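None of the figures in this text is laboratory data; all of them are computed from the coordinates on show. Keep in mind it's a predicted model, so treat the numbers as computed, not measured. No Cβ is skipped: glycine too gets one built from the backbone with ideal geometry, and neighbour counts run over all protein chains shown.
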Amino acid sequence: MIYPIVVYGAQVLREKAQPIAPDYPEVKKLIEDMFLTLDEAEGVGLAAPQIGKSIRLFIVDCTPWGEEHPELADFRRAFINPEIYEMSEETKLYEEGCLSLPGLHESVRRSLAIRMRYLDEDFQPHDEEFVGLPAWVIQHEYDHLEGTVFTDRLSPLRRNLIKSKLLNLAKGRYRCTYKTK
Ligand code: NI
């Protein structure tokens, strides 16, 4: 099933999401549905809180960059109970958007590389380094599990400039091509 995407202003986007136990029902089906939802919305990442579930799970799809970056051509992955434990001092500015903040695009500074422990969809543990585009998307999705959205990372001045846009989102005044709630 395709889930409606929760938009800025909803409380669930502000909560710290809870770890998932191995007996959590139908995680694979949930991940499958999240990918359907992500594809429908033409995004590159989706965190469970964005479909109203306050659990520590997100998916990342880097395949849209596959032509320019062949190593990403099959990068479609799910991350359960992730823990970023190292972030490079070297940073980069990325022009960022979010399915939960339709119409907003702002530059956000993120680490170029990260190290993360996580479980895959079979609950197998991994410890892995991510660099460049995957590291960028992962940091954005990881923020969602902490109750943070990308506009929180803007300077106070910049945030003030987009205040009315954020208010409109919270009031339901926005347009987008995918289903929201
Ligand atoms: Ni987002």
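Worth pointing out:
- Under the Karplus curve 6.51 cos²θ - 1.76 cosθ + 1.60, θ = phi - 60°, whole-Hz ³J(HN,Hα) for region 64-69, x wherever Gly or Pro sits: x, 9, x, 5, 6, 10
- Evaluating 6.51 cos²θ - 1.76 cosθ + 1.60 at θ = phi - 60° for every residue in region 168-181, the Karplus couplings come out as 4, 4, 5, 8, x, 8, 7, 10, 7, 8, 10, 6, 10, 8 Hz, glycine and proline recorded as x.
- Taking amide H as placed 1.01 Å from N in the peptide plane, Thr91 has its amide H under 5 Å from the amide H of Leu112, each at least 5 places away in sequence or on another chain.
- Förster radius 22 Å - calculated FRET efficiency between Tyr174 and Ile2 (Cβ-Cβ, nearest 0.05): 0.70
- Helix-only mean residue ellipticity at 222 nm for the chain, each DSSP H run of n ≥ 4 adding -39500 (n - 2.57), per residue, nearest 500: -7000 deg cm²/dmol
- In the structure shown, the pairs Lys92/Lys163; Lys53/Lys165; Lys29/Lys163; Lys29/Lys179 are assessed against 30 Å; a Cα-Cα span above that value is assigned to Lys29/Lys163.
- Take the Cα of Gln11, go 7 Å toward its beta carbon, and the backbone nitrogen atoms of region 119-155 under 17 Å from that spot belong to 147-148.
- Listed values for region 125-138 are Karplus-derived 3J(HN,Hα) couplings in whole Hz (6.51 cos²θ - 1.76 cosθ + 1.60, θ = phi - 60°), namely x, 9, 9, 9, 9, 10, 10, x, 4, x, 5, 5, 4, 4, and x replaces Gly and Pro.
- One equal scatterer on each Cα of region 23-181, no solvent, Debye formula: the resulting log10 I(q)/I(0) at q = 0.15, 0.18 Å⁻¹ is -0.85, -1.22.
- Other-chain or far-sequence residues with amide H under 5 Å of Gly52's (modelled H): Val6
- Here is the list for region 6-88: GluC sites (Glu not before Pro) lying in DSSP coil, each with at most 11 other C-beta atoms within 10 angstrom of its C-beta, are Glu26, Glu42, Glu67, Glu68.
- Amide hydrogen proximity for Gln18: with H placed 1.01 Å from N in the peptide plane, the residues at 5 or more positions away or on another chain lying under 5 Å are Ile55, Arg56.
- Relative contact order %, the chain, counting alpha carbon pairs below 8 Å whose residues are six or more apart: 27
- Shape of region 35-82, Cα gyration tensor, a/c cut at 1.5: oblate
- Taking 0.36 nm per residue of sequence separation and removing the Cα-Cα distance, the Thr63/Asp23 pair yields an extension gain of 11.4 nm.
- When the trypsin sites (Lys or Arg not before Pro) in region 1-68 are filtered for DSSP coil states and for at most 14 other beta-carbon atoms within 10 Å of their beta-carbon, the remaining sites are Lys16.
- Two-decimal ratio, region 1-105, of alpha-carbon radius of gyration to 2.2 N^0.38 Å: 1.13
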